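One structure is given here, and the rest of the page talks about it.
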Amino acid sequence: MTIDDLDLAFEDRADKGRHRRGYRKAAANGKKPKRKGNGGKTAIAFFMALILLGGLGAGVWYGFDRIQGYFTTPDYEGAGTAEKVNVEVKPAQTATDIANTLVAADVVKSAKAFVDAADADSKSKNIQPGVYGLKKQMSAKSALAVLVDPKNKIVNGVTIPEGLTMLSTFKRLSEQTKIPVKDFQTAARNVDSFDIPPYWFERRDGKKVTKSIEGFLFPDTYEIPPKPTAKQVLDLMVNRFLTVAGDLKFADNVQKNRGGISPYEALIVASLAQAEAGNKDDLGKIARVAYNRVYVKDMLLQFDVTLNYGLEIAGKPTKASKDMDDTDYADETNKYNTHLFKGLTPTPIDNPGKQALEGAMNPPAGNWLFFVAIDKEGHSAFAETDAEHEANKVKAREAGIIN
């Protein structure tokens, strides 16, 4: 059928339609319907409709082609360019967190491409924290293949054990990173430069707040990034503390369950327990002793470890308990001398681990006021009275623990 044939057919159908409509109208008026010869106009209208429909179709196709791009996940192809980049995967990061880091470094083209690749590969759940060497403009699948293999980590780790003081931590970090100790000391002095919320430095025991990052350098194994500054390394440790404390809901639980003391005071207690406990089983009980002596009985703590901390930060030699004498116990210049000054110390005295934090947050119930180590495994015996404590000291002497 030709265009002309199509026009005639269309005109005929249109004409019949008009005729029927006109007939009904005329019949209603008692008149005979008249037929008008307007087939030319109908043909023109039909031709214009074809043109419009054709243009609309082209527009729809062009729009679909454009819109389709929005539903295609952008991704690079291949194993990347020759340009290399180091990317750090931090503890507790999700696939989306990692993806955003990779996009920022121009390793992958879109976060969605990497997340989709990770969702399709069960090994993605085993990506370890650390620094990885990647290339720019890699396909998401290629980048993921690097990250799921621990052998690709740039190993520059350092382990900080529980209970190290700030100064001892600086020395260990310096040995590993070759950053001078003085650089760590300088960075640590500006406490406000760290992302520690202000409530961590509130006290409710009437003592003046002394700001320090002592207590906030969480003991753990850290992957140190290449060529770090002292501040960057300390930031890793402080942020790790805040993450662990947040996961424990440490601040909330302390304020709810510890009789109104502040999270900072509980952190001090955790550091005391970490320093005194010879065995992890006793961390909570020693925290309870500290709470009882300071907040229940208003007694002196009389912990030798606090006196030693004051000596260390003053640059003086520390002493074993058996070597301490009345002069040490009467030293007013040592503000950490709990044989002389009541209450908790001005700051934490070391950096406690997770179990010490848990012990200070939720110590076991007990009225103990004394403790002493009684075996070579570091277990302590606890007492409520002087008489019980003296009996425990006999056991400690018999075991060769004290003189």
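The values are calculated or read from the model by the stated rules, or taken from the named source; none is laboratory data. From a predicted model like this one, the values you see are computed outputs, not experimental measurements. We place every Cβ from the backbone using ideal geometry, glycine too, and count neighbours over all the protein chains shown. These area figures cover heavy atoms from the full protein model, side chains too; ligands, DNA and RNA do not enter into them. Shrake-Rupley method; radii C 1.70, N 1.55, O 1.52, S 1.80 Å.
Close contacts from region 386-403, counting a first residue that is within 10 Å of Val372 (Cβ to Cβ) and at pLDDT 90 or above and a second that is open to solvent by 80 Å² or more (accessible area, probe 1.4 Å) and not β-branched (Val, Ile, Thr), with Cβ to Cβ under 9 Å and a gap of 6+ residues or different chains, come to Arg397/Asn403.
If you go through region 211-222 one residue at a time, do you hit one that is open to solvent by 40 Å² or more (accessible area, probe 1.4 Å), modelled with pLDDT under 95, in a loop (DSSP other than H, G, I, E, B) and basic (Lys, Arg)? First the steps, then the outcome.
Filtering region 211-222 for residues open to solvent by 40 Å² or more (accessible area, probe 1.4 Å) gives 211, 220-221.
Those still in the list that are modelled with pLDDT under 95 too: 220-221.
This time we only want the ones that are in a loop (DSSP other than H, G, I, E, B), so: 220.
Narrowing the set further to residues that are basic (Lys, Arg) leaves none.
No, the conditions are met nowhere in region 211-222.
For every residue, the table says whether it meets (1) of a type in the set (Phe, Trp, Tyr); (2) farther than 18 Å from Val244 by Cβ; (3) at pLDDT below 95; (4) not in a helix (DSSP H, G or I).
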| position | (1), (2), (3), (4) |
| --- | --- |
| Leu267 | no, no, no, no |
| Ser271 | no, no, no, no |
| Gln274 | no, no, no, no |
| Gly278 | no, yes, yes, yes |
| Asp282 | no, yes, no, no |
| Ile286 | no, yes, no, no |
| Arg293 | no, yes, no, no |
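Restricted to region 48-88, and to residues that are of a type in the set (A, V, I, L, M, F, W, C) and open to solvent by less than 50 Å² (accessible area, probe 1.4 Å), which residue is modelled with the highest pLDDT? Of everything passing the filter in region 48-88, Val87 is modelled with the highest pLDDT.
Scanning region 202-233 for residues that are under 21 Å from the mean Cα position of the chain (by Cα) and closer than 25 Å to Asp252 by Cα turns up Ile213, Glu214, Gly215, Phe216, Leu217, Phe218, Pro219, Asp220. Just wondering, is there one or more residues in region 224-234 that are among the hydroxyl-bearing types (Ser, Thr, Tyr) and assigned to a loop (DSSP other than H, G, I, E, B)? The answer is yes, given that some residue of region 224-234 is among the hydroxyl-bearing types (Ser, Thr, Tyr) and assigned to a loop (DSSP other than H, G, I, E, B).
Applying the set (1) under 24 Å from His379 (Cβ atoms); (2) of a type outside the set (S, T, N, Q); (3) open to solvent by less than 30 Å² (accessible area, probe 1.4 Å) to Glu276 leaves exactly one unmet item: (3).
In region 157-166, the residue that is nearest to Ile268 (Cα to Cα) out of those that are open to solvent by less than 50 Å² (accessible area, probe 1.4 Å) and in contact with a Gly (Cβ under 9 Å, 6 or more places away or on another chain) is Gly163.
For region 90-108, the criterion of being on the phi > 0 side of the Ramachandran plot and within 17 Å of the chain's Cα centre (by Cα) is met by at least one residue.
Of the numbered criteria (1) open to solvent by less than 50 Å² (accessible area, probe 1.4 Å); (2) outside any helix (DSSP H, G or I); (3) at pLDDT below 90, the one Pro91 fails is (1). The set of residues in region 319-336 being surrounded by fewer than 14 Cβ atoms within 10 Å (Cβ to Cβ), assigned to a helix (DSSP H, G or I) and of a type in the set (Asp, Glu) consists of Asp323, Asp326.
For (1) over 23 Å from the mean Cα position of the chain (by Cα); (2) closer than 19 Å to Glu202 by Cα; (3) open to solvent by less than 30 Å² (accessible area, probe 1.4 Å), each residue gets a yes or a no:
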site	(1), (2), (3)
Gly246	no, yes, no
Glu265	yes, yes, yes
Asp282	yes, no, yes
Asn292	yes, no, yes
Glu312	yes, no, no
Pro317	yes, no, no
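Scanning region 248-263 for residues that are over 17 Å from Pro346 (Cα atoms) and surrounded by 21 or more Cβ atoms within 10 Å (Cβ to Cβ) turns up Phe250, Val254.
Could you please let me know if Val238 is without any contact (Cβ under 8 Å) to a residue 60 or more places away in the chain, open to solvent by less than 40 Å² (accessible area, probe 1.4 Å) and farther than 30 Å from Glu332 by Cα? The answer is yes for Val238.
Comparison of Asp282, Asp304 shows that the only residue that is in contact with a strand residue (DSSP E or B) (Cβ under 7 Å, 6 or more places away or on another chain) and within 16 Å of Ser380 (Cβ to Cβ) is Asp282.
Residues of region 181-192 that are without any contact (Cβ under 8 Å) to a residue 40 or more places away in the chain and open to solvent by 40 Å² or more (accessible area, probe 1.4 Å): Val181, Lys182, Gln185, Arg189, Asn190, Asp192.
Considering Ala391, Ala360, which residue is under 28 Å from Gly259 (Cβ atoms), part of a helix (DSSP H, G or I) and of a type in the set (A, V, I, L, M)? Working first, answer last.
Details: Ala391 fails: under 28 Å from Gly259 (Cβ atoms).
Being under 28 Å from Gly259 (Cβ atoms), part of a helix (DSSP H, G or I) and of a type in the set (A, V, I, L, M) holds for just one of Ala391, Ala360, which is Ala360.
Residue pairs whose Cβ atoms lie under 6 Å apart, separated by 6 or more positions or on different chains, with the first residue in region 298-320 and without any contact (Cβ under 8 Å) to a residue 60 or more places away in the chain and the second open to solvent by 70 Å² or more (accessible area, probe 1.4 Å) and part of a loop (DSSP other than H, G, I, E, B), are Leu300/Lys342; Asn308/Thr318; Leu311/Thr318.
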